[in-house]
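Reading through the structure tokens given below for one structure.
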Amino acid sequence: MTENAAQQTVVTREVAADARTVFALLADPRRHPKIDGSDTVRAAAGTSVLTGTGQVFVMSMDQTALGHPEVSDYETENLVVEFVPDALLTWETARPGKHPTGLWWSWALEPLGPGRVRVTHTYDWSRVTDPALLARITFPRIPEDALRRTLERLAAAVETQEVSGRP
């Protein structure tokens, strides 16, 4: 299932795993490059497993795969703003040392029974208010099909138990 509201893209998929297993993958930024369907996430820089709100994790990024060669080889600082173990993880992004732009990424998990969970992934730009940024960038920057691929890769990783190994 997919929704594309005016200022966010929401994709949902059922996964054959429990919420705890899925959340363990999502709370480990070192695993994000493996599941990223946009192919923009390169690596986590000095990051460990997330354990609560207020944490910041740094990611190496490159948007050339999306046809944006002007946005290559950069980092984001991601501030965890919502953290409910096995249920909800949300962060907002910024360039290192800069104020957040208003771009949020969220993962919500809803158990459906033993070994099944509904995963909802949201890309939200509704808080982006900087006129210069809005004039320079057309949203959504990440296409809906990339978010769907992310859910496919997430499902494949947890369904084959790839989350139990090292990043």
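How long are the three semi-axes of the equivalent ellipsoid for the chain, computed from the Cα gyration tensor as the root of 5 times each eigenvalue, in whole Å, largest first? Could the numbers behind the result be given before it?
Numbers: eigenvalues 124, 60, 48 Å².
Those come to 25, 17, 15 Å.
Would you mind telling me the share, in percent, of accessible area of the chain contributed by carbon and sulfur at probe 1.4 angstrom? It would help to have the intermediate numbers written out before the result.
Numbers: 4230 of 8440 Å².
The computed percentage sits at 50.
Could you tell me how many degrees, from 0 to 90 and to the nearest 10, lie between the Cα long axis of helix 144-159 and the main elongation axis, the longest principal axis, of the Cα atoms of the chain?
With rounding to tens, the tilt is 30 degrees.
Take the alpha carbon atoms of segment 15-40, find their center, do the same for segment 80-135, and report the distance between the two centers in whole angstrom.
14
Return the single residue from His32, His99, His121 with maximal mean-square fluctuation; model: Gaussian network over the chain, springs between Cα atoms under 10 Å.
Per the Cα network of the chain with a 10 Å cutoff, His99 tops the list.
Top mean-square fluctuation among Asp36, Asp62, Asp130, Gaussian network model of the chain, C-alpha springs under 10 Å?
Looking only at Asp36, Asp62, Asp130, the largest GNM fluctuation is found for Asp130.
What number comes out for accessible area per residue over the chain if the probe is 1.4 Å? Units Å², please. Present the calculation step by step, with values, prior to reporting the outcome.
Details: 8440 Å² over 167 residues.
Computed with neighbouring chains in place, this is 51 Å² per residue.
Which residue, Ala135, Ala44, Ala87, has the most motion in a Gaussian network model of the chain that connects Cα atoms within less than 10 Å?
Of Ala135, Ala44, Ala87, the Gaussian network model singles out Ala135 as fluctuating most.
The values are calculated or read from the model by the stated rules, or taken from the named source; none is laboratory data. Not measured: the values here are computed from a predicted model. Accessible surface areas use protein heavy atoms only, side chains included; no ligands, DNA or RNA. Shrake-Rupley method; radii C 1.70, N 1.55, O 1.52, S 1.80 Å.
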